[in-house]
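Engineer: Have a look at this one.
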């Protein structure tokens, strides 16, 4: 392994000219506020493999890096030898992360209730918890309002079965954040006039 340098953003790396590195160790929280998944895709399109690292505990970013971008994630506090081994594996193997996102965060995967929902049910839960009305979720996802309500009720039941209260929308937001489905810092953003309960 040879250290090639440091840049503040993916834009800066791609604009620098010259040969790109074979591997980039990329923070999940770049100072330019750019989306980590988009950054991973752009780097891969340029022929650069990616290993992400994080210093905080935003489960949403770590989960997205694993599930959406299929990139390994290391912790900034990992020991030097551990970090070097992860870098070597990322260079040698492009097949994706070796462990689950829950392992990196030290979470018991059995406590992630949303993993017991289908992909569509998880998407309904994310949008419903984040933007407010079942009618809006139905329009956005092309579902019937009754279907949205059924999926939200199922999510509430699954959380209740796990001993987690999901009676209010605030509970759903908190639980979705715990499960890494929503970022810790939320802002209503998809529909004008949408407000948090």
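Readers should treat all values here as calculations from the given coordinates under stated rules, not as data from a laboratory. Please read these numbers as outputs of a predicted model, since none were measured by experiment.
Engineer: For the chain, with a Gaussian network of springs between Cα atoms less than 10 Å apart, report the residue from 114, 27, 38 with the top mean-square fluctuation.
Structural biologist: Top of the fluctuation ranking is 38.
Engineer: Considering only DSSP beta bridges where both residues belong to the chain, give the percentage that are antiparallel (nearest 5).
Structural biologist: That works out to approximately 0 percent antiparallel.
Engineer: Give the angle, between 0 and 90 degrees and rounded to the nearest 10, that separates the Cα long axis of helix 36-45 from the longest principal axis of the Cα atoms of the chain.
Structural biologist: 50
Engineer: For the chain, modelled as a Gaussian network with Cα springs under 10 Å, which listed residue fluctuates most, 113, 82, 74?
Structural biologist: 82
Engineer: Also, quick follow-up: So which residue, out of 52, 65, 162, gets the largest mean-square fluctuation from a GNM of the chain using Cα contacts under 10 Å as springs?
Structural biologist: Among 52, 65, 162, the largest GNM mean-square fluctuation belongs to 162.
Engineer: I've got another one for you. Please state, as a whole number in µm²/s, the translational diffusion coefficient that the Stokes-Einstein equation yields for region 10-107 at 37 °C and 0.692 mPa s, with Rh defined as the Kirkwood radius across alpha carbon pairs.
Structural biologist: My calculation gives 241 µm²/s for D.
Engineer: So what are the chain's ellipsoid semi-axes, whole angstrom, largest first, if each one is the square root of 5 times an eigenvalue of the alpha-carbon gyration tensor?
Structural biologist: 35, 19, 14
Engineer: Jot down the radius of gyration and Dmax of region 111-178, Cα atoms only, both in angstrom.
Structural biologist: According to the Cα coordinates of region 111-178, Rg and Dmax are 10.8, 31 Å.
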